Each structure stands twice: as structure tokens, then as C-alpha cells.
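The values are calculated or read from the model by the stated rules, or taken from the named source; none is laboratory data. Only a predicted model underlies this, so the values are computations on that prediction, with no experimental measurement involved. In this analysis, Cβ positions are derived from the backbone assuming ideal geometry, glycine residues included, and neighbour counts consider all displayed protein chains. All accessible areas refer to the heavy atoms of the entire protein, side chains included, with ligands and DNA or RNA removed. Shrake-Rupley method; radii C 1.70, N 1.55, O 1.52, S 1.80 Å.
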Amino acid sequence: MTKSICALAHKPGSTREDFQLYYEDHHVPLAIGYFPFSAYARNHVIGTQAFGWDTISEFWSDDIEAAAALMAGPVGEIMAADEERFMDRSVIAPAGVEEVILSSGPRAATDGLRTALLVQDSAGHVDLRSAVTDWARSLAKDMAGVSIDFTTNWTERAFPAKAVLWLPGSQDPSIPQGLSVQKLLVRHAETPASRLLGSPS
């Protein structure tokens with residue numbers, strides 16, 4: 001299974017709240033009608049947290065080539081037209097992901113909250129991958145639902161982190177020396193597998 005993520009933002013003249021509402025009520029139903037996702041989730045940034053985007057979306061697929069082919073044809077045109085209605089397409093920041101699951105369990109707490117720790121960079125003497133993995137493993141010893149996404153940019157618009165450490169609920173762990181990290185509290189929304197084209201029949 002292949003995973004990708006994408007940072008998305010509202011169009012000028014709109015608001016974060018309007019963007020997230022339209023996304024869930026209109027764009028998600030449109031997307032799941034066309035794309036063979038195995039899993040699909042949105043992580044909506046809460047309130048006025050200082051972040052240049054409003055939502056980080058997660059996409060899992062058993063056939064990423066099929067999804068890419070759809071984007072290159074009429075379906076891509078339909079999706080782009082809908083994006084124009086609520087999204088600033090100039091700042092879309094997609095990335096491929098190597099997902100590392102450190103502990104099993106729900107991705108979010110029962111109240112839908114989730115913490116995203118965005119690792120932008122590391123000091124020159126710190127191996128970012130090893131540092132993030134060791135940090136995540138230490139947290140996963142006492143916490144379910146811990147995972148890391150190591151990102152690879154797909155476009156000139158870079159995804160705003162080299163790695164994302166995901167934790168369920170509202171968490172405030174201490175940050176290891178040598179890592180530059182931004183913490184976001186998000187509201188996690190995941191489409192039930194039964195509604196996805198790529199789900200087992």
C-alpha cells in the first residue's frame with residue numbers, strides 16, 4: 001500500500017472554517033466517488049494556530065498509478081474545478097510518504113483530536129531520521145496510535161515538514177535537542193472504509 005499526504009489552504013477572501021466545512025461536505029464526497037482510496041483522512045487545523053495551511057490530508061492506495069492516471073484526465077478536471085471553489089491551488093503541497101507505524105491503535109482520540117509534530121529540519125550533526133524514530137519509539141512505549149510519515153516532495157512546492165510524528169489526542173511531549181518542530185492540534189476526520197472504492201468488497 002502506498003501513502004501520500006498533502007497540505008491544503010483556503011482561497012483568499014475565505015476562512016479556515018469555510019474551507020474545512022466545504023471540504024468535508026462537498027469535496028470529500030466528490031473525491032471518494034472517483035478515486036480508489038484504501039483509506040482517506042483529513043486533519044483539520046483547529047482555530048487560529050499559526051500554520052500556512054488549513055488541513056493535512058492523508059491518502060492510502062493500493063494502486064497509486066490508477067489515481068495518478070485519473071488526475072491526468074477528465075476526473076482531474078472535475079476535481080480541479082471544485083478545488084477552485086474553496087482552495088488556494090497555488091499553495092497545494094503534496095508529498096509521497098514512507099509510513100512507519102510504531103504502535104497500533106486509533107489514529108485519533110475518541111474526541112477526534114490528534115497531534116501533528118512537524119519536523120522541519122535538524123541541526124547538522126543530528127541524523128533526522130534516527131532522531132525522529134528514536135523519539136517516536138520512546139513515546140510509543142506508553143501510547144497507542146503513534147506513527148511517523150517521512151516525506152518526499154512531489155512538486156516544487158515543498159510539503160512543510162520532512163517528517164510528521166502523529167500522536168492521538170492533545171499531546172505536548174518534550175522535543176529532542178537538534179530538531180526543529182512545529183506542533184499542531186488537529187481534528188481528525190476519516191472516511192469509513194465501507195464508503196471507499198478501494199475497500200474490500
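Fully extended, how many nm does the chain gain between Asp25 and Arg129 (0.36 nm per residue separation, minus their Cα-Cα distance)?
On the way: separation 104, 0.36 × 104 = 37.44 nm, distance 3.68 nm.
Length gained between Asp25 and Arg129: 33.8 nm.
Search the structure for amide H atoms under 5 Å from the amide H of Ser38, placed 1.01 Å from N in the peptide plane, and list their residues when 5 or more places away or on another chain.
Trp60, Ser61, Asp62
Which FRET efficiency, nearest 0.05, do Ile101 and Glu77 yield, Cβ-Cβ r, R0 25 Å?
Working: r = 35 Å, r/R0 = 1.41.
So the FRET efficiency works out to roughly 0.10.
Considering all alpha-carbon pairs of the range 83-185, what whole percent are spaced by more than 21 angstrom? Could the numbers behind the result be given before it?
On the way: 1953 of 5253 pairs.
Value for the range 83-185 (Cα pairs over 21 Å): 37 percent.
With +1 on each Lys and Arg Cβ and -1 on each Asp and Glu Cβ, how big is the dipole of the chain about its Cα centre, in debye rounded to the nearest 20?
Working: 16 positive and 25 negative charges, 77 e Å.
Approximately 360 debye in magnitude.
What does the net charge come to around Glu99 if you take all other residues with beta carbon closer than 13 Å to its beta carbon, with K and R at +1 and D and E at -1? Intermediate results must be reported in sequence, preceding the final value.
Details: positive: Lys3, Arg107; negative: Glu58, Glu98, Asp149.
Cβ neighbours under 13 Å give a net charge of -1.
Could you look at the range 54-201 and say what percent of its accessible area is carbon and sulfur, using a 1.4 Å probe and all protein chains?
Working: 3810 of 7490 Å².
Ligands and nucleic acids excluded, carbon and sulfur reach 51 percent.
Distance in nm between label sites at Lys141 and Gln182, each 7 Å beyond Cα in the beta-carbon direction?
3.1 nm
Which whole-angstrom value gives the distance between the alpha carbon centres of the range 63-113 and the range 145-180?
The range 63-113 and the range 145-180 have Cα centres separated by 17 Å.
Restricting to DSSP H runs of at least four residues, report the calculated mean residue ellipticity at 222 nm for the chain, -39500 (n - 2.57) per run over all residues, nearest 500 deg cm²/dmol. Don't skip to the end; give the middle numbers.
Values: 5 runs with 46 residues, N = 201.
My calculation for the chain gives -6500 deg cm²/dmol from helical runs alone.
First measure r as the distance between the Cβ atoms of Ser174 and Arg85, then evaluate 1/(1 + (r/R0)^6) with R0 = 45 Å and state the FRET efficiency to the nearest 0.05.
Numbers: r = 42 Å, r/R0 = 0.93.
So, using R0 = 45 Å, E works out to roughly 0.60.
Using the heavy atoms of the protein chains and a 1.4 angstrom probe, tell me the accessible area per residue for the chain in square angstrom. All intermediate terms of the calculation are to be shown ahead of the outcome.
Values: 9700 Å² over 201 residues.
With the other protein chains kept in place, the chain gives 48 Å² per residue.
Reachable lysines from Lys162, Cα under 22 Å, same-chain residues fewer than 8 places away excluded?
The reachable lysines, counting only those whose Cα sits under 22 Å from Lys162, are Lys3, Lys183.
In what sequence, largest accessible area first, do Ser38, Ser170 appear using a 1.4 Å probe?
Working: Ser38 25, Ser170 75 Å².
The residues order as Ser170, Ser38, largest area first.
What is the Cα radius of gyration of the chain over 2.2 N^0.38 Å, N being its residue count? Don't jump to the answer; show the numbers that get you there.
Values: Rg = 16.6 Å, N = 201, 2.2 N^0.38 = 16.5 Å.
Cα Rg divided by the expected 2.2 N^0.38 Å: 1.01.
If you average the sequence gap of Cα pairs under 8 Å that are 6 or more apart and divide by the length of the range 1-117, what percent do you get for the contact order?
Details: 148 pairs, mean separation 48.8, N = 117.
It rounds to 42 percent for the range 1-117.
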